[in-house]
1. Determine if region 16-28 includes at least one residue that is assigned to a loop (DSSP other than H, G, I, E, B), open to solvent by 30 Å² or more (accessible area, probe 1.4 Å) and either touching a helix residue (DSSP H, G or I) at 6+ places or on another chain (Cβ under 8 Å) or in contact (Cβ under 8 Å) with a residue 12 or more places away in the chain (or both).
2. Given the criteria open to solvent by 60 Å² or more (accessible area, probe 1.4 Å) and more than 17 Å from VAL135 (Cβ to Cβ), does GLU93 qualify?
3. Can you tell me how many residues within region 60-72 are assigned to a loop (DSSP other than H, G, I, E, B) and surrounded by 15 or more Cβ atoms within 10 Å (Cβ to Cβ)?
4. Would you point out the residue of region 117-131, among those that are under 19 Å from GLN54 (Cα atoms) and out of contact with any strand residue (DSSP E or B) (no Cβ under 6 Å at 6 or more places or on another chain), that is most open to solvent (accessible area, probe 1.4 Å)?
5. Name the residue that is surrounded by the most Cβ atoms within 10 Å (Cβ to Cβ), counting only residues in region 31-45 that are within 20 Å of ALA150 (Cα to Cα) and free of Cβ contacts under 8 Å to residues at least 12 places away in the same chain.
6. Which residues, taken from region 1-54, are of a type in the set (S, T, N, Q), in contact with an Asp or Glu (Cβ under 8 Å, 6 or more places away or on another chain) and modelled with pLDDT under 90?
7. Determine which member of the set LEU77, LEU51 is open to solvent by less than 50 Å² (accessible area, probe 1.4 Å) and under 18 Å from ALA112 (Cβ atoms).
8. Pull up region 80-90, narrow it to residues that are touching a strand residue (DSSP E or B) at 6+ places or on another chain (Cβ under 6 Å) and not charged (D, E, K, R), then point me to the one that is most open to solvent (accessible area, probe 1.4 Å).
Amino acid sequence: MVKLERLRADHADALLAFERENRGYFARSIPDRGDAYFTAAGFAERHRALLAEQHARVCHFHVVLDEEGNLVGRVNLIDVTDGCAELGYRVGERAAGRGVATAAVAQVCRLAATDYGLTSLTAVTTLDNPASMTVLARSGFTRVEDTTVAGRPGVRYVRHLGRLDARKRGQCG
């Protein structure tokens with residue numbers, strides 16, 4: 001259904017077009033990234049910074065492609081430390097409600113455990129984003145606490161990957 005590709009330099013143009021097309025849609029449920037992010041120069045600078053973070057293995061960024069190879073989303077693992085990372089994802093309006101986010105999150109969870117050697121993932125979402133809460137629940141994440149996301153009421157989730165002993169389970173969540 002969907003394919004993940006690790007973020008590359010040649011994704012920049014398609015990714016900027018995706019972000020611009022979906023800016024208003026995303027701003028309804030997550031904080032807007034600000035005008036500078038959407039300029040060609042600002043986006044190019046940010047894209048280079050993401051690639052540097054990925055090269056340093058502190059983050060793992062992915063684009064989500066549909067059956068025709070169109071960029072329809074992103075799924076990322078950020079702030080990798082001690083076997084843990086925070087999951088973030090976004091799916092464009094045209095692909096929303098078709099299982100794309102659930103499929104992409106499932107794929108990145110497998111990559112996190114097998115390719116990146118992670119043991120736990122955390123995620124947060126706002127309370128006014130029930131679609132994201134559904135994706136996390138379907139993907140094996142457990143709600144662990146209420147929180148605030150960019151000044152809005154939210155929820156924090158955790159998912160343990162693979163078999164861990166009890167001492168390691170608490171390290172991320």
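The values are calculated or read from the model by the stated rules, or taken from the named source; none is laboratory data. None of the values given here were measured: they were computed from a predicted structure. Quick reminder, even Gly has a Cβ in these numbers, built from the backbone with ideal geometry, and neighbours come from all protein chains shown. Each accessible area value is taken on the protein alone, full model and side chains, heavy atoms only, with ligands, DNA and RNA left out. Shrake-Rupley method; radii C 1.70, N 1.55, O 1.52, S 1.80 Å.
1. Looking for residues that are assigned to a loop (DSSP other than H, G, I, E, B), open to solvent by 30 Å² or more (accessible area, probe 1.4 Å) and either touching a helix residue (DSSP H, G or I) at 6+ places or on another chain (Cβ under 8 Å) or in contact (Cβ under 8 Å) with a residue 12 or more places away in the chain (or both), one finds none in region 16-28, hence no.
2. No: the conditions fail for GLU93.
3. Qualifying residue count, region 60-72: 1.
4. GLY117
5. Here the answer is ASP32.
6. SER29
7. LEU77
8. Within region 80-90, the match that is most open to solvent (accessible area, probe 1.4 Å) is TYR89.
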